[in-house]
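Quick notes on the structure that follows.
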Amino acid sequence: MKKNIFSLENISASYGNTSVFKNIELNIENSELTAICGPNGSGKTTLLKILAGLNPPSEGIVTFMDKNLEFFTGIELAEKRSYVSQHLPSDLDTSVVDILEMGLYHSTGWFLKKSESKHIENAVKLFNLEKIKNRIYRTLSGGEKRRVFLARGFVQCPHVMLLDEPTVFLDIAQTEQFIEVVRKIRKQYNSTIICVSHDISMVLNNFPKIILMGTGGKKTISGDTSEILHKFGHSYFDIPLSISRTDDGTQFVLTGEQCRKL
């Protein structure tokens, strides 16, 4: 039986007098690929930031690695998990390699050890950054910038990665490359990877566990991705929704009129 890396007890979040969600109770197992899904406004990014220790919950306790999350220092969190926001800087006047090195400043300062330089070289290869590693960040495309910061998150901490909309601005080929990277990281580092995503078909085929969030007072639920979406997807997204499979077993989502034609 896998050990829980995160446990959430009665977690609520609000901004001022506006409640985002209430009373979330769930566990996230170590070395799982878990997606956080739901309609806009359900609190997906807020929940991810709470897991990252960036925003405290308004109520409840988050346990991370058997310790209350609020008792970690910033440096301890930087060593034990990485967080990649969906909102990336656009105008950094520094090279790609320099940005990757920033992922290690919490532990090394300005001078890298030989092993850490190898780690960065590995990230460059893993995220297919060889052709752009010496370019200035602000000259890159949106998809290239996304890959750079995903690689920086890997450099910082590959063991627990919290990713907010990691495939935004990635084209189809880059999205497939991202999935391959996620699989390699999980296999090599026994990683826990949690990502917010609106790409339900990608989630179905690559993230075995899901946290499904809703609006209008719907309870946050978690479990097997296919089972949860099959049972609750239509009501949580408020549209007709069904899951189908191709002959090779690949799952995909049908919505709206597509469902009505079945």
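Brief remarks follow.
- Residue match in region 138-155 (condition: aliphatic (A, V, I, L, M), in a strand (DSSP E or B) and over 16 Å from residue 33 (Cα atoms)): no
- Positions within region 181-195 being under 14 Å from residue 35 (Cα atoms) and of a type in the set (A, V, I, L, M, F, W, C), in sequence order: 182, 193, 194, 195
- On inspection, residue 80 qualifies as touching a His at 6+ places or on another chain (Cβ under 9 Å) and either over 23 Å from residue 237 (Cα atoms) or not polar (S, T, N, Q) (or both).
- When the helices (runs of 4 or more DSSP H) confined to region 186-262 are screened for residues that are surrounded by 15 or more Cβ atoms within 10 Å (Cβ to Cβ), those reaching at least 3 such residues are found at 200-206, 225-237.
- Filtered residues of region 31-55 (kept if of a type outside the set (A, V, I, L, M, F, W, C), part of a helix (DSSP H, G or I) and within 11 Å of the chain's Cα centre (by Cα)): 44, 45, 49
- Members of region 148-186 that are in contact with a Gly (Cβ under 9 Å, 6 or more places away or on another chain) and charged (D, E, K, R): 152, 171
- For region 170-191, the criterion of being closer than 21 Å to residue 49 by Cβ and modelled with pLDDT under 90 is met by no residue.
- Neighbours by Cβ (under 7 Å, 6+ apart or cross-chain): first from region 218-231, in contact (Cβ under 8 Å) with a residue 24 or more places away in the chain and among the hydroxyl-bearing types (Ser, Thr, Tyr); second outside any strand (DSSP E or B) and crowded, with 18+ Cβ neighbours inside 10 Å: 220/213; 225/203; 225/204; 225/207; 226/204
- Scanning region 141-151 for residues that are under 10 Å from residue 88 (Cβ atoms) and free of Cβ contacts under 8 Å to residues at least 60 places away in the same chain, we see that the one that is surrounded by the fewest Cβ atoms within 10 Å (Cβ to Cβ) is 142.
- With respect to the conditions (1) touching a Leu at 6+ places or on another chain (Cβ under 8 Å); (2) in a loop (DSSP other than H, G, I, E, B), residue 182 falls short on a single one, namely (2).
- Checked against the criteria, residue 75 does not count as more than 19 Å from the chain's Cα centre (by Cα), hydrophobic (A, V, I, L, M, F, W, C) and in a strand (DSSP E or B).
The values are calculated or read from the model by the stated rules, or taken from the named source; none is laboratory data. Since we're looking at a predicted model, the values are computed, not measured. With ideal geometry, Cβ positions are generated from the backbone for all residues, glycine too; neighbour counts draw on all protein chains shown.
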